[in-house]
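Everything on this sheet refers to the single structure shown next.
The values are calculated or read from the model by the stated rules, or taken from the named source; none is laboratory data. What you are looking at is a predicted structure, and each value in this text was computed from that prediction instead of being measured. Here the Cβ is made from the backbone with ideal geometry for all residues, glycine too, and neighbour counts use every protein chain on show. We work out accessible area using only protein heavy atoms, side chains counted, and drop any ligands, DNA or RNA first. Shrake-Rupley method; radii C 1.70, N 1.55, O 1.52, S 1.80 Å.
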Amino acid sequence: MMAGVLWLMTRSPAALAFAALGPLGAVVSLLEGRHGGGRERRVALAERTGELALLRGGIAAAHDEERRALRLRAPGAAAALAAADGPALWKGGPEAVLSLGVGAIASGVRVEGDARGGEELELQRAAARLDDAPVLFDPRQGVAVCGSEVLARAYVRGLLVQLYARLPPGQLGAPQLIDPPGHARGEWDWVGRMPHAAGQAEGEPPRCGVFPEPRQVPPGFRAVVSLSSPVAATVELYAVAPAPLTPGGAAYPAATAPTETTVAPELVSRREAEAFAATLSHRAAALGLGATMRSLPAELAFGDLPAAGGPRLVASIGRTRQGVAQLDLVADGPHAIVAGVTGSGKSELLVSWVAGMVSGRSTSEVVVLLVDFKGGTAFRPLAVLPHVTGVITDLEHGEAARALSSLSAELRRREAELARLGVRDVAEAGAALPRLVIVVDEFAAMIDAFPDFGPLFTDIAARGRALGIHLVLATQRPAGVMRDALVANCPLRLSLRVQSAADSRWVVGTDAAARLSAATPGRCVLAVDGVITEVQVARTSAADLAALAAAAAVEPAPRRPWLDPLPAVLTRAALPAEAGPQAVGVADLPEQQRRALLHFSAEQAPLLVLGAARSGKSSVLRLLAAASGLEALVVGPDREQAWDAVEAAAERCDDTDPRAPGLFLAVDDADAVCARFGEEYAAAWCERLVRVLRDGPGARVYAVVAAQRLNGPLRGDDRVDAGPGAVAQHADQALAPRGRVFLPESRA
């Protein structure tokens, strides 16, 4: 239309050419748009495909971790048969659960957000479903197995094998077995031959029933497993089973409707079950479970001991003539004293005791802090346990005050946490506050080196029961080292071989520990409430500790009441990504049980950095100059350069224009510069430097001065009259509040 108007006005044929350019341009723009849009769509599609693939990988990894955690809780029948000869036997604890088989269950993994397409919706559904996972069940609620007798009994054998492999004698007795009339003679005789049959079980025995059809299941069974051949199983889990099941299904209320899932069951033959019972009986006889031994074994493995479990701190540590030796630091303590000379097995006792306390318990129940004044070798194997929050070895004198601050801060933190929860002691706090066990080897050596620890440990002993802090104090010579107030709160006593009858009587009230033979390390005398018992302590191997660590690997890392000292080398790459360019180091705050990033801005100047030769002063100045973000003048001991730089900075102090660019002046080895100037020039140079320190911030001129010592004009003493403007009087030593200098990449 525009081309037509132009032609009417000009009568020029060239004007008509514009009529063709319009459609041509539109076509070109359309083609370019389609080409560019296709490229953008391909890029977006590739990005989306990559993101979805990454999401699938994350979901798969999370599902694998879930399966691993479930298998640790209930390894299954095959693993139970293998455990009969291994260290995992009887390590389930009283809350042991069974695996009904492997199937699909609800997953704890969730993909948030609105699904924009079918593929994303499929990912959300896949994340919420966990395939090939153990289906867990509490055996105390009853299991009814329906199907052919051969399959049903094989399945029940698998459940019982799991149960008896997880729980030791004394925690589990004979099960309540329900079998229809006419079952094969001796079908369940192998159960009566297991060592559990002679012991008293804690709580109700598990209920297992074998029935041809679901309609014959009596009330009281929460799980009903229907087997068919070829072997498949459907599990129905009920919240309540008030009436027998019927083929058509009972009329359950909505809240108690059954949930069905299909699992792959594990079947165990009668021959395998009988061999399993024989192996367990042999293991129990070796430990003397259910029988009285005439003499104690000379050696004992920790892997042969059943896990103690329980809500407190019961730990299996060895063998008495009556059975397994178990210590409860909560009920029998709250604190303990362990005595023994070198070579008596004191370190092995402490390692086995710690292993027994953490066995079957999470880091939300118990954590351990180890203090070893023999160089750290005794407790080194325990470092693999996630419950161990720190291993403190021989402290340097500079770290003693830090250790006191950290432990005192833990007392204050626990008091505040109990007040916040509104409870009186840690037993009422639940998982919010785990019990902390502090184990000290060579307590006497620690007190000799650091007497200030005595009042702290006495305070912990007095307040520890309510706060959930327990002490295990080991020493070679207890008499005369521990205060009476500390000893009064340590009723649990163990003494390995000691040198004199007096030491033995001081610890356990009898001279029996002095008569122990040096040929049997690990033999000790236990005193609880005046009852004296001889114990052979089990030896814990690296494999035992690795198994405990693997079982607890999925638990959250515990909060550490003790932080390691600052590293000897700190690089900028080691700082968090969010630290920013103004981060110059890490501050140690033991009284708050934390570390903090140390930041620097030019407005913090003037500053004074003091340190000996090669302590890192020059590195500090370069680091602060880089963090200031301003034009920087960094001068060393060269007197001409130092004079010119300070003179230039002093002249900049006259410029009060707020728009003027800032200047950062860093003077290194200021005391050496003064020495090179001589007294007259040194005084003049210091006067200019003092002016920069005093008036510079108003003109956006900031200075940091480094020196080995404050002398002469730097200090403003009587020999050189520097007046009130002495350098040391105008520079804040803010970088080293504890005498520790924070250094850059090459130093700590």
Hey, among the residues in the range 67-90 that are of a type in the set (A, V, I, L, M) and assigned to a loop (DSSP other than H, G, I, E, B), which one's farthest from Leu305 (Cα to Cα)? Ala74
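This table checks each residue for (1) crowded, with 19+ Cβ neighbours inside 10 Å; (2) touching a helix residue (DSSP H, G or I) at 6+ places or on another chain (Cβ under 6 Å); (3) assigned to a helix (DSSP H, G or I).
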position	(1), (2), (3)
Ala626	no, no, yes
Pro658	no, no, no
Pro661	no, no, no
Arg676	no, yes, yes
Ala683	no, yes, yes
Cys686	yes, yes, yes
Mind listing whichever residues of the range 568-596 are assigned to a loop (DSSP other than H, G, I, E, B) and open to solvent by less than 50 Å² (accessible area, probe 1.4 Å)? Leu570, Leu575, Gly580, Gln593
Residue by residue through the range 275-285, note down the ones that are at pLDDT 90 or above and not small (Gly, Ala, Ser). Phe276
Considering Ala549, Ala512, Ala461, Ala474, which residue is part of a helix (DSSP H, G or I), open to solvent by less than 30 Å² (accessible area, probe 1.4 Å), of a type in the set (A, V, I, L, M) and under 15 Å from Ser344 (Cβ atoms)? Ala512
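Can we say Arg424 is basic (Lys, Arg), under 24 Å from Ala331 (Cβ atoms) and either at pLDDT below 85 or open to solvent by 10 Å² or more (accessible area, probe 1.4 Å) (or both)?
Yes: the conditions hold for Arg424.
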With respect to Asp452, determine if the residue is open to solvent by 10 Å² or more (accessible area, probe 1.4 Å), without any contact (Cβ under 8 Å) to a residue 12 or more places away in the chain and farther than 20 Å from Leu349 by Cα. no
For the range 467-484, pairs from a residue that is more than 21 Å from Leu411 (Cα to Cα) to a residue that is aromatic (Phe, Trp, Tyr) and surrounded by fewer than 23 Cβ atoms within 10 Å (Cβ to Cβ), with Cβ under 8 Å and 6 or more apart or across chains, are Pro478/Trp506; Ala479/Trp506
Determine whether Leu608 is touching a strand residue (DSSP E or B) at 6+ places or on another chain (Cβ under 8 Å), open to solvent by less than 30 Å² (accessible area, probe 1.4 Å), over 30 Å from Ser295 (Cβ atoms) and assigned to a strand (DSSP E or B). yes
Restricting the range 292-322 to residues that are part of a loop (DSSP other than H, G, I, E, B) and of a type in the set (Ser, Thr, Tyr), the residue that is modelled with the highest pLDDT: Thr320
Could you please let me know if Gly333 is in contact with a Lys or Arg (Cβ under 6 Å, 6 or more places away or on another chain) and touching a residue at least 60 places away in the same chain (Cβ under 8 Å)? no
Residue list for the range 335-361, filter: of a type outside the set (Val, Ile, Thr), open to solvent by 10 Å² or more (accessible area, probe 1.4 Å) and in contact with a helix residue (DSSP H, G or I) (Cβ under 9 Å, 6 or more places away or on another chain): Gly360
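Going by what's in this entry, would Gln216 be described as open to solvent by 50 Å² or more (accessible area, probe 1.4 Å) and modelled with pLDDT of 80 or more?
Criteria met by Gln216.
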For the range 119-160, give me each residue that is open to solvent by 60 Å² or more (accessible area, probe 1.4 Å) and out of contact with any strand residue (DSSP E or B) (no Cβ under 9 Å at 6 or more places or on another chain). Glu119, Leu121, Glu122, Arg125, Val150
Filter result (open to solvent by 50 Å² or more (accessible area, probe 1.4 Å) and in contact (Cβ under 8 Å) with a residue 12 or more places away in the chain) within the range 520-540: Pro521, Asp529, Gly530, Ile532, Glu534, Arg539
Given (1) modelled with pLDDT under 85; (2) closer than 23 Å to Gln326 by Cα, identify the lone condition not met by Val537. (1)
Residues being open to solvent by 50 Å² or more (accessible area, probe 1.4 Å) and either modelled with pLDDT of 60 or more or basic (Lys, Arg) (or both) - total across the range 182-196: 4
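If we scan the range 487-498, do we find a residue that is polar (S, T, N, Q), touching a residue at least 60 places away in the same chain (Cβ under 8 Å) and surrounded by 23 or more Cβ atoms within 10 Å (Cβ to Cβ)?
yes
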